[in-house]
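Participant: One structure, as structure tokens, below. Some questions next.
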Amino acid sequence: MQVDVLLGLQWGDEGKGKVVDVLTPRYDVITRFQGGPNAGHTLEFNNIKHVLHTIPSGIFRGDKINIIGNGVVIDPSIFKKEIESLKNIGFDLTKTLYISKKAHLILPTHRLLDAASEAAKGELKIGSTLKGIGPTYRDKIGREGLRIGDILHNFKEKYQERVAQHIELLTKFYQFDYKQALEDYEKEWFEGIEVIKQFQLIDSEHFINNLLLAGKSVIAEGAQGTMLDIDFGSYPFVTSSNTIAAGACTGLGIAPNKIGKVYGIFKAYCTRVGSGPFPTELLDGTGETLRRIGKEYGATTGRPRRCGWLDLVALRYAIMIDGVTDLIMMKADVMDRFETIKICTSYSISGVITKDFPNEIDDQVTPVYTELKGWKTDLTEVDHTSKFPEELSNYIQFIEEYLGVPVTIVSVGPNRSQTIER
Ligand code: GDP
Ligand code: IMO
Ligand code: MG
């Protein structure tokens, strides 16, 4: 069996949580392979909205196996809150959720270092979610991180050693007042460590490969989006992990030839939260309309998301890096009332037209648009492609022809049921 991967192709928040939940009945195993609680994946069914940060989006579909892979970074206090709120609504995950011993821990001081680093950057801040993601991956790559497996042996000692070094940095380099915040935070963090101990801590690479050998089907759920990838995103305005399809190999311990389908998710328009270039951003009333109708506010931080037209140059680049086999278009309903819709088909860079996503994006890059007719139809009740208005079919066909990959699912609302296969 192979591992199918589902990834965001834009700047995150494409609707990954919703689609993983919809696709879960087709899989035995659902995994997360990178990122951490910077992610906020929203699922809606039975009129209840759930936001998951660390836990895979397959947990609401009965006895599936859910795995947090080695590439993920875990904050025990956030994990504890997630587990408790799920328990309160009747979902006990102790038997169905497995955690890799190689996943790294976000320490309370990582979170403080994230805040200190962002404050020191001032205007140039990344706009991070302040969850400690950057400092945790920095320690991982610097070979100084703590992993889930460390909880099992001499943990307090290892913890104190790391924290002492972080405090040096916080005080001497950043002059950051950390004491009260650390005290408040440590208590719930150690309670979270106790919660983690109740779960099955596994050698996830063996576990997953054995499941594949036993004929189990696996889906890997990406976090963030391709344009936030540490290597291929708009560095330094990116997250600190490989969000691309290859990240599923390193974040789970599966070989490249085990990757099957790559589902690439995109919104029918674009959003970005945090700093960094965004060529098709709309700073006018149309951007505001997209934000209002699309309810574009961060699921993790509540920040308003920047909105803009669909960018096929960026999407084409993401598809190249990820090897996307199936496209999934989300939130088509948000543009239901638009007379016309623009799509960016190339960039003009200092007067030169290109379809290749450039290494640097500055104010010399201007998007070139094609304008299509809007569908002016309420899509939220549409349940079959045969009921698609002609203008929507044209919009999808235009995208498919440009990108050379089929759009196999169209989403027309946040609910499970508002998902149409083509
Ligand atoms: P993720 O991080 O990729 O899982 O996406 P988020 O959960 O951060 O953001 C997607 C938001 O759009 C959530 O609030 C979803 O409930 C909502 N959503 C998902 N699909 C659709 C859709 O087709 N239409 C509308 N209107 N909302 C959607
Ligand atoms: P999901 O999985 C949207 C953005 C932050 C910031 C940059 C770095 O819900 O799509 P970090 O906290 O990772 O150091 O922040 O990345 N960012 C996201 N934007 N969706 C996310 O996750 C994001 N996770 C991080 O806003 O610009
Ligand atoms: Mg999100």
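Participant: Filter the stretch 45-57 down to the residues that are surrounded by fewer than 18 Cβ atoms within 10 Å (Cβ to Cβ) and away from ligand 3 (no atom under 13 Å from the Cβ) and list them by number.
Facilitator: Phe45, Asn46, Asn47, Ile48
Participant: If you check Lys80 against the conditions, is it of a type in the set (Lys, Arg), within 25 Å of Val5 (Cβ to Cβ) and either modelled with pLDDT of 95 or more or within 11 Å of ligand 2 (Cβ to nearest atom) (or both)?
Facilitator: Considered against the rule, which asks whether it is of a type in the set (Lys, Arg), within 25 Å of Val5 (Cβ to Cβ) and either modelled with pLDDT of 95 or more or within 11 Å of ligand 2 (Cβ to nearest atom) (or both), Lys80 comes out as no.
Participant: Which of the residues spanning the stretch 379-401 are touching a strand residue (DSSP E or B) at 6+ places or on another chain (Cβ under 7 Å), open to solvent by 30 Å² or more (accessible area, probe 1.4 Å) and touching a residue at least 24 places away in the same chain (Cβ under 8 Å)?
Facilitator: Asp383, His384, Thr385, Phe398, Glu400, listed by residue number.
Participant: In addition: Say whether the condition of being under 13 Å from the mean Cα position of the chain (by Cα), surrounded by 22 or more Cβ atoms within 10 Å (Cβ to Cβ), within 16 Å of ligand 1 (Cβ to nearest atom) and in contact (Cβ under 8 Å) with a residue 12 or more places away in the chain is met by at least one residue in the stretch 253-264.
Facilitator: Yes, the conditions are met somewhere in the stretch 253-264.
Participant: Further, regarding this structure: Return a yes/no flag: does the stretch 98-118 have any residue that is open to solvent by 50 Å² or more (accessible area, probe 1.4 Å) and at pLDDT below 95.
Facilitator: No - not one qualifying residue is present in the stretch 98-118.
Participant: Which residue, of Gly287, Gly302, Gly298, Gly276, is over 20 Å from Val405 (Cα atoms), in contact (Cβ under 8 Å) with a residue 12 or more places away in the chain and within 14 Å of ligand 3 (Cβ to nearest atom)?
Facilitator: Exactly one of Gly287, Gly302, Gly298, Gly276 is over 20 Å from Val405 (Cα atoms), in contact (Cβ under 8 Å) with a residue 12 or more places away in the chain and within 14 Å of ligand 3 (Cβ to nearest atom), namely Gly298.
Participant: Let me ask you something else. Listed residues Lys101, Lys64, Lys18, Lys49; which is under 21 Å from Val218 (Cα atoms), of a type outside the set (A, V, I, L, M) and within 13 Å of ligand 1 (Cβ to nearest atom)?
Facilitator: Residue meeting the stated conditions: Lys18.
Participant: Give the stretch 235-247 a look and list any residue that's among the small types (Gly, Ala, Ser), open to solvent by 20 Å² or more (accessible area, probe 1.4 Å) and more than 11 Å from ligand 2 (Cβ to nearest atom), or say none.
Facilitator: The answer is Ala246, and nothing else.
Participant: Among the strands (runs of 3 or more DSSP E) confined wholly to the stretch 1-74, which include 1 or more residues that are within 11 Å of ligand 2 (Cβ to nearest atom)?
Facilitator: Working: elements: 3-8, 29-32, 41-45, 48-52, 65-68.
Of the strands (runs of 3 or more DSSP E) lying wholly inside the stretch 1-74, those with at least 1 residues that are within 11 Å of ligand 2 (Cβ to nearest atom) span 3-8, 29-32, 41-45, 48-52.
Participant: Still on this structure: Being more than 20 Å from Trp375 (Cα to Cα), away from ligand 2 (no atom under 16 Å from the Cβ) and of a type outside the set (Gly, Ala, Ser) is the requirement here; does Val334 meet it?
Facilitator: Here the answer is no, as Val334 does not meet what is asked.
Participant: Let me ask another. For the list (1) within 22 Å of Arg26 (Cα to Cα); (2) open to solvent by 10 Å² or more (accessible area, probe 1.4 Å); (3) small (Gly, Ala, Ser), I need the number of the one condition that Ser85 fails.
Facilitator: The single condition Ser85 does not satisfy is (1).
Participant: Of the residues in the stretch 215-234, how many are open to solvent by 10 Å² or more (accessible area, probe 1.4 Å) and within 16 Å of Val20 (Cβ to Cβ)? Give the derivation first.
Facilitator: Keep residues of the stretch 215-234 that are open to solvent by 10 Å² or more (accessible area, probe 1.4 Å), which gives 215-217, 224, 228, 230-234.
Going one step further and asking which of them are within 16 Å of Val20 (Cβ to Cβ), we end up with 217, 224.
Count: 2.
The values are calculated or read from the model by the stated rules, or taken from the named source; none is laboratory data. Nothing here was measured: the structure is a model prediction, and the numbers come from that model. Virtual Cβ from ideal backbone geometry, glycine too; neighbours counted across all protein chains shown. Note: accessible area is taken over every heavy atom of the protein model, side chains too, but ligands, DNA and RNA are not part of it. Shrake-Rupley method; radii C 1.70, N 1.55, O 1.52, S 1.80 Å.
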